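Down below is the structure, laid out as structure tokens.
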Amino acid sequence: MTLHRKCFSWIPKCLLTRVSGTCRVHCAQRLYHRNVGLYTRQQNNRHETYSLSKFGHIGLRAFHGSQSLLLSKILSVEEIFSKPLMQEYLKKVEDEYDVCLKSLNTTDGERYNEEELSQKRTRVSVLTSLMQQIRDLKLKQKEFEETEALLKDNDPELRELAEMEREACLTAIEDMRQTILSLLVPAEESDMSDLVLEVTAGVGGQEAMLFTAEMFDMYQSYAAFQGWGFDILEYSPSELGGLRHGSASISGPLSYKKMKFEAGVHRVQRVPKTEKQGRVHTSTMTVAVLPQPTEITLTIQPKDLRIETKRASGAGGQHVNTTDSAVRIVHIPTGVVAECQQERSQLKNKETAMKVLRAKLYSMKLEEETSRRYQTRKLQIGTKGRSEKIRTYNFSQDRITDHRIGKTVHDVRGFLLGEDLLDDMSLSLQQFSEQETLLEVLGDNGS
């Protein structure tokens, strides 16, 4: 509490006797008012840290990464802003914004027709948020420079307070830069979509099916962790309690954006329950993440569909093998098939099968667009395709490694809980993907 009392005791005296010049008075006043609040926030943060530490799985797990690999791929915000190409691009955006604004606010606008003016209004609207962040960043950087000057003051107490303000400025600058980067990355239409999740056992027999069931449970837990809806569309269990194939509809804010990089082949290395000699086996399972389109983004003509009904098979009660409740829908132009027998009602199964079919067709459409867009570009993050091995779960070493960004975390059981460890991995993949897209944008506009 000593520093807190100092904020009230010595600053007024400092303003009256030691600080000369308008700029220094302004800086010292700002330090006084802001650091009273900063000290209080720091005290609160200490309490929050202590509270979180009571739960070992929150924030206390160690992160282990291949540092050389990570540093060569995932850049810090400071590293991106230090690139000349980044500064050139921001200057170009500022110039474009000023030109558009001037043409709309002066008589210069008379030189343009209505269509050109409309385009400039749209461009100004798009750039307004970005320009505000750029200007705020410049002001904060100027404030940081003024604070740096106060660190050379002869008064040790003023230097101590200036150091606290310096740290606050650095944090604010980091946040502003991150916001600018987010605004520069083009938004993908599908990122705001809900999704259909499909999991399928791969190589490894019963062990692959057991692992598939664990993965399906992990994603269900992750949906609950995020507050999303999770509706099971299909669940085909194996004899030993595993899962041959399963699908679910996941709905909620940013659900597809957070889940899309889970698509691909997941590999598990462990001693199976069926192994009597203690040998480690390698098995696989496949995840497909299909964005759920709206009626506007994808239209399916009824004449392009062939709808078949049949009797449900497998475990499920009296309706199995007694009624034609199972539905199979074929999209004739593409040959894509969707089936459902989860419900007793044929009508509900038809609705579910149509939802899955729409998701599959929409995913094919997006993949075609992505292929055209990136055909000349090497995608480090991967294609999110079914055939790509993306992650290894090694139980004997208690590690999970994502092969696309070289990131490794430990605590396999904790990861399969579908909580903070999975969320951290998802965030890292998003950051890398956004940086990759951003560097492409800078390259395209800087050439």
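The values are calculated or read from the model by the stated rules, or taken from the named source; none is laboratory data. Computed from a predicted model, the values in this text were never measured in an experiment. Ideal geometry is used to build each Cβ from the backbone, glycine not excepted, and the neighbour counts take in all protein chains shown.
If you check Leu161 against the conditions, is it loosely packed, with under 15 Cβ neighbours inside 10 Å, modelled with pLDDT of 85 or more and more than 26 Å from Thr437 (Cβ to Cβ)? Explain how you work it out, then say what you get.
Values: loosely packed, with under 15 Cβ neighbours inside 10 Å: no; modelled with pLDDT of 85 or more: yes; more than 26 Å from Thr437 (Cβ to Cβ): yes.
For Leu161, the condition - loosely packed, with under 15 Cβ neighbours inside 10 Å, modelled with pLDDT of 85 or more and more than 26 Å from Thr437 (Cβ to Cβ) - is not met.
Contact list please: Cβ distance under 9 Å, first residue in the range 224-240 and free of Cβ contacts under 8 Å to residues at least 60 places away in the same chain, second residue in a strand (DSSP E or B) and hydroxyl-bearing (Ser, Thr, Tyr), pairs at least six apart or on different chains.
Trp228/Ser251; Gly229/Ser249; Gly229/Ser251; Phe230/Ser249; Phe230/Ser251; Asp231/Ser249; Asp231/Ser251
Consider Gly385 carefully, then state whether it is modelled with pLDDT under 90 and either touching a helix residue (DSSP H, G or I) at 6+ places or on another chain (Cβ under 6 Å) or surrounded by fewer than 16 Cβ atoms within 10 Å (Cβ to Cβ) (or both).
Working: modelled with pLDDT under 90: yes; either touching a helix residue (DSSP H, G or I) at 6+ places or on another chain (Cβ under 6 Å) or surrounded by fewer than 16 Cβ atoms within 10 Å (Cβ to Cβ) (or both): yes.
For Gly385, the condition - modelled with pLDDT under 90 and either touching a helix residue (DSSP H, G or I) at 6+ places or on another chain (Cβ under 6 Å) or surrounded by fewer than 16 Cβ atoms within 10 Å (Cβ to Cβ) (or both) - is met.
I'm checking my understanding of the structure. Among residues of the range 336-348 that are more than 32 Å from the chain's Cα centre (by Cα) and of a type outside the set (A, V, I, L, M), which one is surrounded by the most Cβ atoms within 10 Å (Cβ to Cβ)?
First, pick out the residues of the range 336-348 that are more than 32 Å from the chain's Cα centre (by Cα): 341, 343-348.
Now restrict to residues that are of a type outside the set (A, V, I, L, M): 341, 343-346, 348.
Numbers: Gln341: 23, Glu343: 19, Arg344: 15, Ser345: 14, Gln346: 18, Lys348: 14.
Out of the qualifying residues, it is Gln341.
Quick one: how many residues across the range 275-285 are touching a strand residue (DSSP E or B) at 6+ places or on another chain (Cβ under 9 Å) and surrounded by fewer than 22 Cβ atoms within 10 Å (Cβ to Cβ)?
Of the residues in the range 275-285, the ones touching a strand residue (DSSP E or B) at 6+ places or on another chain (Cβ under 9 Å) are 275, 280-285.
Narrowing further to those that are surrounded by fewer than 22 Cβ atoms within 10 Å (Cβ to Cβ): 275, 280-282, 284.
Total satisfying the criteria: 5.
Would you check which residues across the range 210-222 are touching a residue at least 60 places away in the same chain (Cβ under 8 Å) and among the aliphatic types (A, V, I, L, M) and list them? Please lay out each step first, then the result.
Applying the first criterion (touching a residue at least 60 places away in the same chain (Cβ under 8 Å)) to the range 210-222 yields 210-212, 214-215, 217-222.
Across the range 210-222, the qualifying residues are Leu210, Met215, Met218.
Any idea how many residues of the range 400-412 are touching a helix residue (DSSP H, G or I) at 6+ places or on another chain (Cβ under 9 Å) and either over 20 Å from Ser221 (Cβ atoms) or part of a helix (DSSP H, G or I) (or both)?
Adding up the residues that qualify gives 4.
Search the range 413-447 for residues being at pLDDT 80 or above, out of contact with any Asp or Glu (no Cβ under 8 Å at 6 or more places or on another chain) and in a loop (DSSP other than H, G, I, E, B), and hand back the single one that is nearest to Val185 (Cα to Cα).
Per the criteria, the residue is Glu419.
Checking Ala288 against (1) at pLDDT 90 or above; (2) part of a strand (DSSP E or B), only one condition comes out false. Which one?
Of the numbered conditions (1) at pLDDT 90 or above; (2) part of a strand (DSSP E or B), the odd one out for Ala288 is (1).
Would you tally the residues in the range 303-344 being at pLDDT 85 or above and out of contact with any strand residue (DSSP E or B) (no Cβ under 9 Å at 6 or more places or on another chain)?
Selection size over the range 303-344: 4.
Would you check if there is a residue in the range 257-273 being more than 23 Å from Ala353 (Cα to Cα) and free of Cβ contacts under 8 Å to residues at least 40 places away in the same chain?
If we filter the range 257-273 for residues that are more than 23 Å from Ala353 (Cα to Cα), which is where we start, we get 257-258, 261, 265-273.
Now restrict to residues that are free of Cβ contacts under 8 Å to residues at least 40 places away in the same chain: none.
The answer is no, given that none of the residues of the range 257-273 is more than 23 Å from Ala353 (Cα to Cα) and free of Cβ contacts under 8 Å to residues at least 40 places away in the same chain.
Leu151 is checked against (1) touching an Asp or Glu at 6+ places or on another chain (Cβ under 7 Å); (2) within 30 Å of Thr437 (Cα to Cα) and fails just one. What number does that condition carry?
Failing condition for Leu151: (2).
Being under 20 Å from Leu90 (Cα atoms) and part of a helix (DSSP H, G or I): is that true of Leu117 here? Give the steps one after another, and end with the answer.
Working: under 20 Å from Leu90 (Cα atoms): no; part of a helix (DSSP H, G or I): yes.
Taking the combined requirement at face value, the residue does not satisfy it.
Pairs under 8 Å by beta carbon, first residue closer than 14 Å to Glu146 by Cβ in the range 167-180, partner surrounded by fewer than 16 Cβ atoms within 10 Å (Cβ to Cβ) and modelled with pLDDT of 90 or more, six or more apart or different chains?
Ile173/Gln141
Going by the structure shown, is Lys140 surrounded by 12 or more Cβ atoms within 10 Å (Cβ to Cβ) and more than 28 Å from Ile80 (Cα to Cα)?
On the way: surrounded by 12 or more Cβ atoms within 10 Å (Cβ to Cβ): yes; more than 28 Å from Ile80 (Cα to Cα): no.
Here the answer is no, as Lys140 does not meet what is asked.
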